[in-house]
Every structure is written in C-alpha cells, then in structure tokens.
Amino acid sequence: MKTKQLGNSDLFITPVRFGASVIGSSAWDQSAAAIHRALELLARISQGAVTVLAVILVAVIAWFDYVTGDFSLAVFYLVPVVLATWYAGRVSGWFIGVLSAAAWLVGDPALSRAYGHPLMPYWNAAMLALTYGIVAYLLSTLHRLQAELQERVDRRTASLAEVHHRVKNNLQIISSLLMLQAEKLSNAADKAVFDECRDRVYSMARLHEQLYSSGEFSDLDFATHLREMAEMLVRSHTAQGCILALDVRADPVAVDLDTGVTLGLIANELLLNALKHGFAGRPAGKLTVELHGGNRNEMIVRDDGRGLPTGFDATKNAGLGVELVLGMTRQIRGEARIENDSAGGTRATIFFPSLLPLETVKTEPQSKPTYHD
C-alpha cells in the first residue's frame, strides 16, 4: 500500500466573509501547496546547501533577537535545527544547534545582562545547546526509522506485485489450456461450458493484472474492469447475425480484491445469461451495463430481449448461472433482483455495500454505445 501524502484536498475550511472578501479553503490550499513544493525542493538540494540555508536562518533569527532586546527567540532556533537535521543529517543538526546557542548568547545581550551572575548566560546557552542536540538526535533517529520503514514497505510492495503478477500468469495459463481443450471438442454444448469457464478465469486474471499495474494493492476501480469485461464478452458471445449495441455507464467505484473478484464473476454470469438467452434469433438488440456508487452501490445489467418467462422466480426455478449470482451476492452481503424490465427485456440489479472511499479512483464514466455484430 502506498503511504498517503498531504495533498490540497486534505485541507478544508468553511469560507468566512469579511466585508467584500471571502477567506476560504482556496487560501489554505494555496499555502499548503506552496509548503509542499518548498519541502520537495529541500529534499532535492544537497546537504551542504541545506546546512548553508540553516546558517542563514540562524543569522536572521539572531538579528531579530538582537532588535527585539527584551524578548527571547530561543524557541525559534529550533526551526533551522530541525531543517538541518532532517535534510542534512545528525551532525549538521548538532552543528546548527551549537551555532544557535551561540547566536542566542550574542544576539540577546539585554537578557544576558539581566542575570546577576556573569556565568549564568553561558550556562543557559549550554543548556540550549544540549536541548537542541537532543532534539537533533531524536529527529535523526525518527528520520532513520522512517527510512527503514519505507524500505520495508517498498520491499513488501514489490513482493506483493510479484505475487499478483504470478497469479495472473497462472490464471492465464489455465485460461489458455481451457481454450485449447475446447477446440478439441465437437459438441457445441460442451464447448460452451469450457468457454464460460475460460471467461471466468480470464476475468479473475485481469483483476490481478489491474492491481499490480496500478500499484494500488488495497483497492481497484471496478468500473474499468466492468467496462472491459462487457466489451470482451459482447465481442466473443454475440449471436451470429445479431447487431448488438453495448451501452456502459460506469461510475468510479473502489472495491478490494475479494469483492472485485466476486463482483466480476457475478457480472460475468449476468452478461453471459443476457447474451445467451436475450438475443437468440434476433437481428438486433441493446445491452446496457450500469454501475453507480454511493452508500449502497448498484450494478445493473439490462437487455431489451425476450424477457423472463411468466411467473419466473429466481429463488425457485433458476439455473446454475442464477444460483451462482444469488450465492455470490450473499457472499458480499448484497442483494440481487432479477426481473422483467418495464421497458421490455430482463433487468438484473445487484446492490452491495460501499467498502472503500471513492477519492482514490480517477476514471470517468463512459456512456457512448458501441456496436458489435
């Protein structure tokens, strides 16, 4: 899993109106973006340049300390200490800490003279140097631990990508073996069974491929997979002589791998049922696939074919495909409705709970029909 970084969308504030101006989230977003760009720039420059920048900051703070006179700026010296430690290392942080303590001693003569004992300011400066040194040590240790953790995450991510890649390759080998075996069969019904099994295996392989290709192993965009599956099945299973229009309207919906595999198998069964039974003997038809996100996600497969027989009950007189759909829908704590559509044909609707936020998904809905014959 990738580590989430602070982005512009992570800061929100309700706009407050003062006279004719509005102070809202845009100002905070711009500030956060500027800080983020500055930190990225610091990460790219050399350690020596960071140390020089920290020395300049110490000089600026010491000048302000000297000008203000009766107001100590000792805490502000932590800024260059932290900057030097995080981006240039522990030794640089210690050097800036000692320099900051010396700058405080020189830059704040009024406060130094306020002590009765002449050595007291030097004692305080030594305590400041010790404090800055401890801060530099703790911060450098934290930076080292973060680097080690990131290295472990990168290794785990690479291993996980390799696992998904190998699973995808194995599933594709199984799919190819099923295709080769189907070519040796002369019985059309037996060949159709092998083809359907091959489609199921291929669907799972594509999900694993999508995971390791995107680099997001915790979730995937099911809209992309659903669109690709529908187009593939329509190309390979449309009845000969039938001009079929496919209309896919898929909103971005993020799901985990287990839910994605189950939903993919459900969609595969619904699409195959529509293609096998809805358009047989018809010169043309339309197949609509929809995916809508929300608190309760919704997947719809609708055709304008012959429709279901009168008195059809999915829970009583369903075939193997519908039984698989009902069982797998219960597995993801969803609800399935298979019924005749009011406009004609069959409508299958799958409701399933929302599992993941949608901000990680960046695909756009597609509603332009494609035609296959």
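For Asp341, the residues whose amide H sits under 5 Å from its own are Thr346, Arg347, ignoring neighbours fewer than 5 places away on the same chain, with H placed 1.01 Å from N.
Exposure check, 1.4 Å probe, all protein chains in place: Thr224 carries approximately 50 Å² of accessible surface.
The solvent-accessible area of Arg235, taken with every protein chain present and a 1.4 Å probe, is close to 150 Å². Going by accessible surface with a 1.4 Å probe and the largest first, Met299, Met127 read Met127, Met299. Separation of segment 146-209 from segment 242-262 is 18 Å, based on Cα centroids. Residues Trp86, Trp104, Trp123, sorted by accessible area with the largest first, give Trp123, Trp86, Trp104 [1.4 Å probe; ligands and nucleic acids excluded].
Between amide H atoms placed 1.01 Å from N, distances below 5 Å from Ala284 occur with Ile243, all of them 5 or more places distant or on a separate chain. Based on DSSP, what percent of beta bridges with both residues in segment 203-346 are antiparallel, to the nearest 5? In segment 203-346, approximately 55 percent of DSSP beta bridges are antiparallel ones. Under 5 Å between amide hydrogens, built in the peptide plane, is the criterion, and for Ala250 it picks out Leu291, Gln366 among residues at least 5 positions away or on other chains.
Fully extending the segment from Ala280 to Ala126 would add 46.5 nm, taking 0.36 nm per residue of separation and subtracting the current Cα-Cα distance.
The values are calculated or read from the model by the stated rules, or taken from the named source; none is laboratory data. This structure is a prediction, so every number in the text was calculated from the model and none was measured. Areas reflect the complete protein model, heavy atoms only, side chains present, ligands, DNA and RNA absent. Shrake-Rupley method; radii C 1.70, N 1.55, O 1.52, S 1.80 Å.
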